[in-house]
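The values are calculated or read from the model by the stated rules, or taken from the named source; none is laboratory data. This one's a predicted model, so the numbers in the text were calculated from it and none came from an experiment. Every residue, glycine as well, gets a Cβ built from its backbone with ideal geometry; the counts of neighbours run over all protein chains shown.
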Amino acid sequence: MTKKILVVEDDATTADYVAKGFEQNGYVVDVARDGRDGLFHATDGKYAAIVLDRMLPGMDGLAVLGALRAAGIDTPVIVLSALGSTDERVKGLKSGSDDYLTKPFAFSELIARVEALQRRGPSGAQPVVTTLRCADLAMDLLARRVERNGTRVELQPREFRLLELLLRNQGQVVTRTMMLEEVWDYHFDPGTNVIDVHISRLRKKIDDSGREPLLHTVRGVGYMLSDSA
Amino acid sequence: MSILSALRLRLPAPIRIALISLAFSLVITLPVLLFVYHQTDSLFEDRIHDRLDDDVRDVLFADSSSGAAALPGLMDQALRTGELRGGVALLVDARGHKLAGNLAGWPPVLPTPSEWNEIRLYPEGQVRPDLFAIRTLALGDGRRLLVGTTIGERERMRAALVEALLGALLLAVPLGLIGGWVILKIAERRARAIGNVAARIAGGDFSHRLDEATGGEEFAMLAAAINAMLERIEELVEQLRLVTDSLAHDLRSPLTRMRANLERAATGGVGHRRQQALEAVSLDIDRMLRIISATLEISSAEAGAGKEHFESVDLAQLLRDIAEIYNPMAEERGVRIVTEGPPTLLYRGNRQSIGRAVANLVDNAVKYGDGPIDIGAADKGESVELWIADRGPGIPTELREQALGKYRRLEEARTTEGSGLGLALARAVARLHGGDIELLDNGPGLRVVLTLRRAGDLSLL
């Protein structure tokens, strides 16, 4: 089944850039150029995710979001905004968006986040999972145990959460800023190779046993856990 | 069109000011003079009435006590001795014949009795006529009495008052003109001084200031207010200039590299070298985005944004988080991050921006300093203190203020990766929390201390 994405964005260049990017990744994309149009499309509820610009003519992005949520439509929404400060971000998340991305952004970051949102599904509808698996890597969320090929792997609490994040998004790219947000709850771009060092430690623990490597670097974007290189 | 607006249109400023000051002096002096005039005049008339009353009483007393036959003799005697103070008296019989007194005859058309007549008379023994106040009354047997007193004095007083009034007016005109001119000159000089400073500033030189010491309180206040405004404008313009200059500088190097790398990728080469060039471009773009977002973050913190998202933050936990995030990277460089201070330290503030500021400072310490890096927090009651101390080369005292400036990165630091805005951001965040940042000597190394003031409402949490 092809997945549909709604892009609500008044700037034609950005809209095209985003739409092309999603199309190349196998999505069907509808573009709405203002808030009213966006709301009209979105009320169908047939989209896998909505990319919503914050500043729109006609109807402000957050107002569209509010109207959607009020209408009981819980399609995952990621808000795009040129307002970059952490406060704007908090405001965006509080008004019911599922994620928030500051312009300018890399498309790889956007699609990584959109795919993570779909994996998470509509808020509240998350199925209860106690075990996460990728090839011969298994994580028991209740016992907080990780095994690779049957051998116990000792992880620090944060390494555990980092791996959990990667496992939940396996097959998808997880960016460095997503990691900082999910694991430590800080919303800034760490910039230097801070996250890379954490990953390389994690990699040593899970991939060092001579088995097929599972944790892959996606250059310039982030990391991905998958059982096929 | 009103008179004032007509004046404004036609007259030059000094004359206008002179006229206005003249009008003011008239408004002030005229009522005073009129009041004096009225008061002295009525005082005078009271005295004349008193005098006439006395004379009439004296004559009536003599008439009743000495008898009608003796009255003419007594009156003439009293006139001579000045006992009749009014100085003029006349007694005539029923047919109008003079019995006593110093007037030749009864003035025509003077009714009897009458309270107050003002008549020009020529009493016997006087060289020129004078104005008199006259009272008449009837005595028994058809006799009529006239007493009078001069009121020329009152007339002269009136004339003198009018003269004084005119004199005051005449004096007010030149005084008003001079006063107006002086005020105008003073105002003109101040205005010109302000104008000169404004012109210099318009010419691009922001260092000029008005003299706040001279020219009285009002002008000093005006000068101080204008100077404060200029101070702020200069600060903002300077900031803006720095931002633009440094942003241009900081963006130029990645842009130049990007251009070179893109050219390399475009002109071909083997696949993986091309790939490398493109990745380098993407790294440079990331760097530019970081510079821009740090700039925006600083600006918004400086503008006070973020206060609405103050929440209770455990600063000790925040330091442990940041240490945990940065420790692996630090250890790769052979440096250890050690956290100090109490196990919990609650503070009401913006967790994200404090976290980002501390992360920036730790990042700097790891990159430019040497270990071990101590990070810690202490509760100082009214405020909390956060510190990040390294054992690297530090920053020389004279360069510390410069290091805090937005974009004023130390030259050696320019070669290393990063936006160079870490200290400026930390300062903006500290100020957002009512505090400041200090760069101290760690002997050896740099000790950065952030002071965050506690808002009063922490107890409400």
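With the requirement that a residue be among the aliphatic types (A, V, I, L, M) and either more than 7 Å from chain B (Cβ to nearest Cβ) or touching a residue at least 60 places away in the same chain (Cβ under 8 Å) (or both), what does the stretch A:179-199 give you? First the steps, then the outcome.
Step one: list which residues in the stretch A:179-199 are among the aliphatic types (A, V, I, L, M), which gives A:179-180, A:183, A:194-195, A:197, A:199.
Within the stretch A:179-199, A:Met179, A:Leu180, A:Val183, A:Ile195, A:Ile199 qualify.
Looking at the stretch B:306-317, I want the residues that are away from chain A (no Cβ under 12 Å) and touching a residue at least 12 places away in the same chain (Cβ under 8 Å) and have a partner that is assigned to a strand (DSSP E or B) and among the hydrophobic types (A, V, I, L, M, F, W, C) with Cβ atoms under 7 Å, at least 6 apart or on another chain. Which pairs are those?
Listed by first residue and then by second, the contacts come to B:Ser312/B:Leu346; B:Asp314/B:Leu346; B:Leu315/B:Ala377; B:Leu315/B:Val384; B:Leu315/B:Leu386; B:Ala316/B:Ala377.
Residues that are closer than 19 Å to B:Asp93 by Cβ: find the strands (runs of 3 or more DSSP E) completely inside the stretch B:112-169 holding 2 or more of those.
Numbers: elements: B:114-121, B:130-138, B:144-150.
Fully inside the stretch B:112-169 and qualifying: B:130-138, B:144-150.
Restricting attention to the stretch A:71-96, and to residues there that are modelled with pLDDT of 80 or more and β-branched (Val, Ile, Thr), which single residue is surrounded by the fewest Cβ atoms within 10 Å (Cβ to Cβ)?
Among residues in the stretch A:71-96 that are modelled with pLDDT of 80 or more and β-branched (Val, Ile, Thr), the one surrounded by the fewest Cβ atoms within 10 Å (Cβ to Cβ) is A:Ile73.
Which of the residues that make up the stretch B:331-355 are facing chain A (nearest Cβ under 9 Å) and in a helix (DSSP H, G or I)?
Step one: of the stretch B:331-355, the residues facing chain A (nearest Cβ under 9 Å) are B:331-332, B:350-353, B:355.
Matches in the stretch B:331-355: B:Glu331, B:Glu332, B:Arg351, B:Gln352, B:Ser353, B:Gly355.
Given the stretch A:1-77, what helices (runs of 4 or more DSSP H) lie entirely inside it while holding 3 or more residues that are in the same structural domain as A:Thr102 (by TED's automatic domain parsing) and under 17 Å from the mean Cα position of the chain (by Cα)?
Result: A:12-24.
A:Asn169: more than 28 Å from B:Glu297 (Cα to Cα), away from chain B (no Cβ under 11 Å) and surrounded by fewer than 20 Cβ atoms within 10 Å (Cβ to Cβ), yes or no?
Working: more than 28 Å from B:Glu297 (Cα to Cα): yes; away from chain B (no Cβ under 11 Å): yes; surrounded by fewer than 20 Cβ atoms within 10 Å (Cβ to Cβ): no.
In short, no.
Looking at A:Arg203, A:Arg120, A:Arg211, A:Arg176 in this structure, which one is within 14 Å of another protein chain (Cβ to nearest Cβ) and either closer than 30 Å to B:Ala357 by Cβ or modelled with pLDDT under 85 (or both)?
Numbers: A:Arg203 fails: either closer than 30 Å to B:Ala357 by Cβ or modelled with pLDDT under 85 (or both); A:Arg120 fails: within 14 Å of another protein chain (Cβ to nearest Cβ); A:Arg211 fails: within 14 Å of another protein chain (Cβ to nearest Cβ).
From the options A:Arg203, A:Arg120, A:Arg211, A:Arg176, the qualifying one is A:Arg176.
Do we have any residue at all in the stretch B:15-32 that's more than 26 Å from B:Arg158 (Cα to Cα) and touching an Asp or Glu at 6+ places or on another chain (Cβ under 8 Å)?
Among the residues of the stretch B:15-32, not one is more than 26 Å from B:Arg158 (Cα to Cα) and touching an Asp or Glu at 6+ places or on another chain (Cβ under 8 Å), which makes the answer no.
Residue under question is B:Leu289, and the condition is that it be in a helix (DSSP H, G or I), more than 12 Å from chain A (Cβ to nearest Cβ) and under 49 Å from the mean Cα position of the chain (by Cα); does it hold? Give the derivation first.
Values: in a helix (DSSP H, G or I): yes; more than 12 Å from chain A (Cβ to nearest Cβ): no; under 49 Å from the mean Cα position of the chain (by Cα): yes.
Taking the combined requirement at face value, the residue does not satisfy it.
Being touching a residue at least 24 places away in the same chain (Cβ under 8 Å) and in contact with an Asp or Glu (Cβ under 8 Å, 6 or more places away or on another chain) is the filter here; which residues of the stretch B:103-122 pass it?
Scanning the stretch B:103-122 gives B:Leu103, B:Leu121.
With respect to B:Leu361, determine if the residue is touching a Ser or Thr at 6+ places or on another chain (Cβ under 6 Å), more than 10 Å from chain A (Cβ to nearest Cβ) and not hydroxyl-bearing (Ser, Thr, Tyr).
Here the answer is no, as B:Leu361 does not meet what is asked.
When you scan the stretch A:200-229, how many residues do you find that are free of Cβ contacts under 8 Å to residues at least 60 places away in the same chain and under 25 Å from B:Gln275 (Cα atoms)? Please lay out each step first, then the result.
Taking the stretch A:200-229 and keeping what is free of Cβ contacts under 8 Å to residues at least 60 places away in the same chain, we get A:200-205, A:207-208, A:210, A:213, A:215-217, A:219, A:223-224, A:228-229.
Add one more test, that the residue is under 25 Å from B:Gln275 (Cα atoms), and what stays is A:200, A:203, A:213, A:215-217, A:219, A:223-224, A:228-229.
Residues meeting the conditions: 11.
Quick one: which strands (runs of 3 or more DSSP E) lie wholly within the stretch A:144-229 and hold at least 1 residues that are under 30 Å from B:Arg287 (Cβ atoms) and not small (Gly, Ala, Ser)? Don't jump to the end; show me each part of the working.
Working: elements: A:145-148, A:151-153, A:173-175, A:215-218, A:222-225.
In the stretch A:144-229, the matching strands (runs of 3 or more DSSP E) lie at A:173-175, A:215-218, A:222-225.
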